[in-house]
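Here you go, one structure.
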Amino acid sequence: MLTGVRIVFLGGDARQLEVIRKCVELDATVSAAGFDKWEAPCPGVSLEQMTVELLSNADVLVLPTVGCDDEGNISALFSSERLTLLEEHFAALPPHCLVYSGMAKSYLRGMCAKHSLKLIELLNRDDVAIYNSIPTAEGALVMAIQNTDFTIHSSKSMVLGLGRTGFTMARSLQGLGANVKVGVRKQEHYARAEEMGWKPFMTSELLVHVPEVDLIFNTIPSMVITAQILSRISPNCLIVDLASAPGGCDFRYAEKRGIKAMLAPGLPGIVAPKSAGIIMANALVQSISDEALIKGDE
């Protein structure tokens, strides 16, 4: 239970609604700013304006999955007003307040450090990343199906990177009957891919493996699909880049060659916001518990 814990939510998308509901269900005192367009607010939530006074009473501040940009602007899908976190807002937060975001850019990290506030990025948790890999893979498959004229079954599909998302992506393709190649950068990932029945290769040898590939799913957040690589790829190949923006593909050169390449970060919040919100909610509650903010654990 979160009885006695005062949680302030600032902005967000449909995922945030699930997180709010979970916190209310667990008896937290919940206030939310940036939700004036929420058509059916969850009972038990106090909808507020974003003010210094609101933040001064927070035990926990929860920002959207993408946090804020480097000017402090917060994405707020359910608000008609702009939300901007200024230094005065950080200064108003109590010293014990925990600041949560899915990920954080330099502005948010810098402000939290300056004001000695603990910042927790939930997407850095292994459990969150693994659970999120499921809607990511499902969304990537939907994109592949919608943008090709062939079945994934029997296709020559390639996954670049065998982290948490790459593993789920490769396994999902295998389950649909694709012939799966996996580009890896570590020997232990090579061994795991081989054990799973995939065809592994080192990404340093990518140029040799891309001809005749039908689908490429990239999860590596650095430039791996270069102009040189693209020059060897069939114009009929579809590239779905799942890495964080700006991705790992030379999109300009892909367009020049007539190759369809799509940057698709943040798929969980797009294709399965309810499931993605529940994942974030469970991680948030667990983290608050671990931080001993729940009354009786202090």
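The values are calculated or read from the model by the stated rules, or taken from the named source; none is laboratory data. The structure presented is a predicted model; accordingly, all values stated were derived computationally and were not measured. All Cβ positions, even for glycine, are placed from backbone atoms using ideal geometry, and neighbour counts span all protein chains on display. Ligands, DNA and RNA are stripped out before the accessible areas are found, and what is left, the full protein with its side chains, is counted by its heavy atoms. Shrake-Rupley method; radii C 1.70, N 1.55, O 1.52, S 1.80 Å.
Please go through (1) over 27 Å from ILE120 (Cβ atoms); (2) touching a strand residue (DSSP E or B) at 6+ places or on another chain (Cβ under 6 Å); (3) of a type outside the set (Val, Ile, Thr) for ASP250 and return the number of the only condition it doesn't satisfy.
Unmet condition: (2).
Given ALA170, ALA193, ALA137, ALA129, which one is open to solvent by less than 50 Å² (accessible area, probe 1.4 Å), modelled with pLDDT under 95 and assigned to a helix (DSSP H, G or I)? Steps first, please.
Values: ALA170 fails: modelled with pLDDT under 95; ALA193 fails: modelled with pLDDT under 95; ALA137 fails: modelled with pLDDT under 95.
Of ALA170, ALA193, ALA137, ALA129, the one residue that is open to solvent by less than 50 Å² (accessible area, probe 1.4 Å), modelled with pLDDT under 95 and assigned to a helix (DSSP H, G or I) is ALA129.
Still on this structure: Does VAL45 fit the bill of being in contact with a strand residue (DSSP E or B) (Cβ under 6 Å, 6 or more places away or on another chain), closer than 18 Å to LEU284 by Cβ, open to solvent by less than 20 Å² (accessible area, probe 1.4 Å) and not small (Gly, Ala, Ser)? Steps first, please.
Details: in contact with a strand residue (DSSP E or B) (Cβ under 6 Å, 6 or more places away or on another chain): yes; closer than 18 Å to LEU284 by Cβ: yes; open to solvent by less than 20 Å² (accessible area, probe 1.4 Å): no; not small (Gly, Ala, Ser): yes.
In short, no.
For residues in the stretch 1-40 being touching a strand residue (DSSP E or B) at 6+ places or on another chain (Cβ under 8 Å) and without any contact (Cβ under 8 Å) to a residue 40 or more places away in the chain, which is most open to solvent (accessible area, probe 1.4 Å)? Let's see the steps before the verdict.
Keep residues of the stretch 1-40 that are touching a strand residue (DSSP E or B) at 6+ places or on another chain (Cβ under 8 Å), which gives 4-12, 16, 19-20, 23-24, 28-36, 38.
Then drop every residue that is not without any contact (Cβ under 8 Å) to a residue 40 or more places away in the chain, which leaves 20, 24, 28-32.
Values: ILE20: 0, VAL24: 35, ALA28: 13, THR29: 78, VAL30: 5, SER31: 21, ALA32: 1 Å².
Of everything passing the filter in the stretch 1-40, THR29 is most open to solvent (accessible area, probe 1.4 Å).
Going by the conditions given, is SER154 surrounded by fewer than 17 Cβ atoms within 10 Å (Cβ to Cβ), part of a loop (DSSP other than H, G, I, E, B), in contact with a Gly (Cβ under 7 Å, 6 or more places away or on another chain) and polar (S, T, N, Q)? Step through it out loud before you land on a result.
On the way: surrounded by fewer than 17 Cβ atoms within 10 Å (Cβ to Cβ): yes; part of a loop (DSSP other than H, G, I, E, B): yes; in contact with a Gly (Cβ under 7 Å, 6 or more places away or on another chain): yes; polar (S, T, N, Q): yes.
The answer is yes for SER154.
Step by step: first the residues of the stretch 245-279, then only those that are on the phi > 0 side of the Ramachandran plot and within 14 Å of the chain's Cα centre (by Cα), then the one that is most open to solvent (accessible area, probe 1.4 Å). Which residue is that?
GLY266
What number of residues within the stretch 77-99 satisfy the criterion of being open to solvent by 20 Å² or more (accessible area, probe 1.4 Å) and either closer than 24 Å to PRO41 by Cβ or outside the structural domain of GLN16 (by the TED database) (or both)?
6
Then there is this: Which numbered condition trips up LEU119, out of (1) open to solvent by 10 Å² or more (accessible area, probe 1.4 Å); (2) modelled with pLDDT of 95 or more; (3) outside any helix (DSSP H, G or I); (4) over 26 Å from VAL5 (Cα atoms)?
Of the numbered conditions (1) open to solvent by 10 Å² or more (accessible area, probe 1.4 Å); (2) modelled with pLDDT of 95 or more; (3) outside any helix (DSSP H, G or I); (4) over 26 Å from VAL5 (Cα atoms), the odd one out for LEU119 is (4).
Does at least one position in the stretch 224-236 carry a residue that is assigned by the TED database to the domain that holds ARG164, open to solvent by 60 Å² or more (accessible area, probe 1.4 Å), under 19 Å from the mean Cα position of the chain (by Cα) and not aliphatic (A, V, I, L, M)?
Looking for residues that are assigned by the TED database to the domain that holds ARG164, open to solvent by 60 Å² or more (accessible area, probe 1.4 Å), under 19 Å from the mean Cα position of the chain (by Cα) and not aliphatic (A, V, I, L, M), one finds none in the stretch 224-236, hence no.
Could you list, in sequence order, the residues of the stretch 84-103 that are at pLDDT 95 or above and in contact with a strand residue (DSSP E or B) (Cβ under 8 Å, 6 or more places away or on another chain)?
THR84, LEU85, LEU93, CYS97, LEU98, VAL99, TYR100, SER101
Search the stretch 48-92 for residues being over 26 Å from the mean Cα position of the chain (by Cα) and of a type in the set (A, V, I, L, M, F, W, C), and hand back the single one that is farthest from MET111 (Cα to Cα).
Per the criteria, the residue is LEU54.
Now for a separate question. Quick one: which residue in ARG192, ARG252, ARG185, ARG257 is more than 14 Å from MET158 (Cα to Cα), in contact with a Pro (Cβ under 7 Å, 6 or more places away or on another chain) and in the same structural domain as SER154 (by the TED database)? Please lay out each step first, then the result.
Numbers: ARG192 fails: in contact with a Pro (Cβ under 7 Å, 6 or more places away or on another chain); ARG252 fails: in contact with a Pro (Cβ under 7 Å, 6 or more places away or on another chain); ARG185 fails: in contact with a Pro (Cβ under 7 Å, 6 or more places away or on another chain).
When all the criteria are applied, what remains is ARG257.
Quick check on the stretch 157-167: of everything there that is hydrophobic (A, V, I, L, M, F, W, C) and not in a loop (DSSP other than H, G, I, E, B), which residue is surrounded by the fewest Cβ atoms within 10 Å (Cβ to Cβ)? Give the steps one after another, and end with the answer.
From the stretch 157-167, those hydrophobic (A, V, I, L, M, F, W, C) are 158-160, 162, 167; that's our starting set.
Okay, now just the ones that are also not in a loop (DSSP other than H, G, I, E, B), so 158-160, 167.
Numbers: MET158: 28, VAL159: 33, LEU160: 26, PHE167: 22.
Step by step, filter the stretch 157-167, then rank; the result is PHE167.
Could you identify the single residue in ASP149, ASP214 that is surrounded by fewer than 22 Cβ atoms within 10 Å (Cβ to Cβ), in contact with a Leu (Cβ under 9 Å, 6 or more places away or on another chain) and at pLDDT 95 or above? Full working, then the answer.
Working: ASP149 fails: in contact with a Leu (Cβ under 9 Å, 6 or more places away or on another chain).
One residue alone meets the criteria, ASP214.
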